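The values are calculated or read from the model by the stated rules, or taken from the named source; none is laboratory data. None of these values were measured; they are calculated from a predicted model. Reconstructed Cβ throughout: ideal geometry from the backbone, glycine too, with neighbour counts over all protein chains shown. Side chains included, ligands, DNA and RNA excluded: accessible areas come from the protein's heavy atoms. Shrake-Rupley method; radii C 1.70, N 1.55, O 1.52, S 1.80 Å.
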Amino acid sequence: MAVFPIRTFGDPVLRAAAKAVDEVDDGIRRLAKDMIETMYDAPGVGLAAPQIGISRRVFVFDSADGTGAHTVINPAMLEVSGEWEFDEGCLSVPGRYWPI
């Protein structure tokens, strides 16, 4: 596994639309494992592929329920309901947090 440098605010890859994943192959599986390693090394609780310079629609996160890391490929927001507020940070904007 590899740990990648995290791209920060101002990097053009963070502003570009990421490409969909057409097939989950060994390359995508390795990408997910590397992203999880990078996320934990940062340390963080979530990481998207563009944050390591790869413009693909993949993100990983550490579950709050204790089940560990998970990978999401080609996410789509289908429905939103409910409300709660919490402070959110981003590995690509280090040291900053906002109420969301």
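Test residue 10 against the stated conditions and say whether it is of a type outside the set (Ser, Thr, Tyr), without any contact (Cβ under 8 Å) to a residue 40 or more places away in the chain and on the phi > 0 side of the Ramachandran plot. Considered against the rule, which asks whether it is of a type outside the set (Ser, Thr, Tyr), without any contact (Cβ under 8 Å) to a residue 40 or more places away in the chain and on the phi > 0 side of the Ramachandran plot, residue 10 comes out as yes.
Only residues that are among the hydrophobic types (A, V, I, L, M, F, W, C) and surrounded by fewer than 16 Cβ atoms within 10 Å (Cβ to Cβ) were counted across the stretch 43-61, and they come to 1. Among residues belonging to the stretch 62-100 that are closer than 24 Å to residue 4 by Cα and among the acidic types (Asp, Glu), point out the one that is least open to solvent (accessible area, probe 1.4 Å). Once the filter is applied, the top-ranked residue is 62.
When residue 31 is tested against (1) at pLDDT below 95; (2) open to solvent by less than 40 Å² (accessible area, probe 1.4 Å), only condition (1) is not met.
Residues in the stretch 11-28 that are in contact with a Lys or Arg (Cβ under 9 Å, 6 or more places away or on another chain) and in a helix (DSSP H, G or I) were compared, and the one that is surrounded by the fewest Cβ atoms within 10 Å (Cβ to Cβ) is 13.
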